[in-house]
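To start, the structure itself, in structure tokens.
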Amino acid sequence: MKRASLLLLPFLLLSGSAFAQVTISPTTLFIDDQSRFGTFLVMNSSDQAQEVSLEFNFGYPATDANGNTVMRYDDVDAASQFSIADWIRGFPRNFILEPDQRQTVRLTVRPPGDIPDGMYWTRIKTSSNPLSADVGAEAAEGITAQINFNFEQITAGFYKKGDVNTGVAFNELTVETNGDRASVLAQLNRTGNAPFLGSMLLLVRDSSGNIVVESRSSTTLYFDGTKRMDFDIYDWLSGEYEAEIRFESSRSDISRSDLVQITPVSSHVTFTLP
């Protein structure tokens, strides 16, 4: 069995690389109540035919008290208010994708007629696995080892109904230091009737007003939560510093026309290094 495991290793690496070549575009999909349909593209640039299937599940990224991101798929209350998993249909939902072939998947949303204005969503899971025989290896004792791969990719799907708005309000901003690292923690309230999708910018200035840290990352805020940004303070001089966190409606991976716009909002906090 040990010999079989060693023989399988290169096949595992090659197969994982091949499966990763099944790609999806875009990775965030928006549908509104004017058209109620959308499309995304599944592309197979591997050298194996792939069996592809779609599944719709409600979920969203949340944060714990320390600002660490966790996925929530078990929020029944939120699902009852905001999920479109039962309203959305994909055509085709199961299909075979030959090497170098692409498939346009058409999505339609049919919500109840009495839902309030706002943004609703689902997670679209696209699973793919090779249609050809699974990788196997036979040891000297005649024992066969076989591995099945199932590669999953997630697309965030949103449905906009009527007047959609969002916002970010600061509840508290603090800085924690631990050795050579520091963290800014922003406790936030999300306002409006839609998740916030945008960017979070961190600026840290020294006592002379010089920017010593500038960092930007894409972020989301579906409900109230805590956002965290870490930075290195190795060999920093003692003294007072100011940290600023700013939220903006811009992302490199999503068109501005799809984002629910907000006026940029920021908050500042000072901290001292001994």
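Of all residues in segment 99-120, which are touching a Gly at 6+ places or on another chain (Cβ under 6 Å) and in a strand (DSSP E or B)? Spell out how you get there, then give the answer.
Of the residues in segment 99-120, the ones touching a Gly at 6+ places or on another chain (Cβ under 6 Å) are 105, 107, 117.
105, 107, listed by residue number.
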> Taking segment 188-212 as the search range and keeping residues that are touching a residue at least 24 places away in the same chain (Cβ under 8 Å) and more than 21 Å from residue 261 (Cα to Cα), which one is nearest to the chain's Cα centre (by Cα)?
Replying inline: 203
> If we keep just the residues of segment 104-124 that are polar (S, T, N, Q) and open to solvent by 10 Å² or more (accessible area, probe 1.4 Å), which is farthest from residue 58 (Cα to Cα)?
Replying inline: 104
>> Restricting to segment 1-54, and then to whatever is hydroxyl-bearing (Ser, Thr, Tyr), exposed (fewer than 14 other Cβ atoms within 10 Å of the Cβ) and within 21 Å of residue 149 (Cβ to Cβ), can you tell me which residue is modelled with the lowest pLDDT?
In response: 5
> Does segment 88-102 hold any residues that are surrounded by fewer than 15 Cβ atoms within 10 Å (Cβ to Cβ) and within 20 Å of residue 31 (Cβ to Cβ), and which are they?
Replying inline: 89, 91, 92, 93
> Among the residues of segment 73-87, which ones are loosely packed, with under 15 Cβ neighbours inside 10 Å and either out of contact with any Lys or Arg (no Cβ under 9 Å at 6 or more places or on another chain) or basic (Lys, Arg) (or both)?
Replying inline: 74, 76, 77, 80, 81, 86
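Test residue 128 against the criterion of being within 16 Å of residue 23 (Cα to Cα), assigned to a strand (DSSP E or B), touching a helix residue (DSSP H, G or I) at 6+ places or on another chain (Cβ under 7 Å) and not charged (D, E, K, R), and give yes or no.
On the way: within 16 Å of residue 23 (Cα to Cα): yes; assigned to a strand (DSSP E or B): yes; touching a helix residue (DSSP H, G or I) at 6+ places or on another chain (Cβ under 7 Å): yes; not charged (D, E, K, R): yes.
Against the criterion (within 16 Å of residue 23 (Cα to Cα), assigned to a strand (DSSP E or B), touching a helix residue (DSSP H, G or I) at 6+ places or on another chain (Cβ under 7 Å) and not charged (D, E, K, R)), residue 128 qualifies.
Residues in segment 201-211: is at least one within 29 Å of residue 81 (Cα to Cα) and of a type outside the set (Val, Ile, Thr)? Spell out the reasoning first.
First pass over segment 201-211, keeping only residues within 29 Å of residue 81 (Cα to Cα): none.
Within segment 201-211, none of the residues are within 29 Å of residue 81 (Cα to Cα) and of a type outside the set (Val, Ile, Thr).
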> Just one of the numbered conditions (1) under 30 Å from residue 31 (Cβ atoms); (2) surrounded by fewer than 17 Cβ atoms within 10 Å (Cβ to Cβ); (3) in contact (Cβ under 8 Å) with a residue 24 or more places away in the chain is not true of residue 238; which one?
Replying inline: (1)
> Within segment 232-274, restricting attention to residues that are among the acidic types (Asp, Glu) and in a strand (DSSP E or B), which residue is nearest to the chain's Cα centre (by Cα)?
Replying inline: 248
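Please list, ordered by residue number, the strands (runs of 3 or more DSSP E) wholly in segment 165-231 having 3 or more residues that are in contact with a strand residue (DSSP E or B) (Cβ under 9 Å, 6 or more places away or on another chain) and open to solvent by 40 Å² or more (accessible area, probe 1.4 Å). Can you show your working first?
Values: elements: 166-178, 181-192, 196-205, 211-221.
Ranges flagged: 166-178, 181-192, 211-221.
The values are calculated or read from the model by the stated rules, or taken from the named source; none is laboratory data. Model, not experiment: these values are computed from the prediction. Glycine gets a Cβ as well: all are built from the backbone with ideal geometry, and neighbour counts include every protein chain shown. Please note that ligands, DNA and RNA were not included when accessible areas were found on the heavy atoms of the full protein model with its side chains. Shrake-Rupley method; radii C 1.70, N 1.55, O 1.52, S 1.80 Å.
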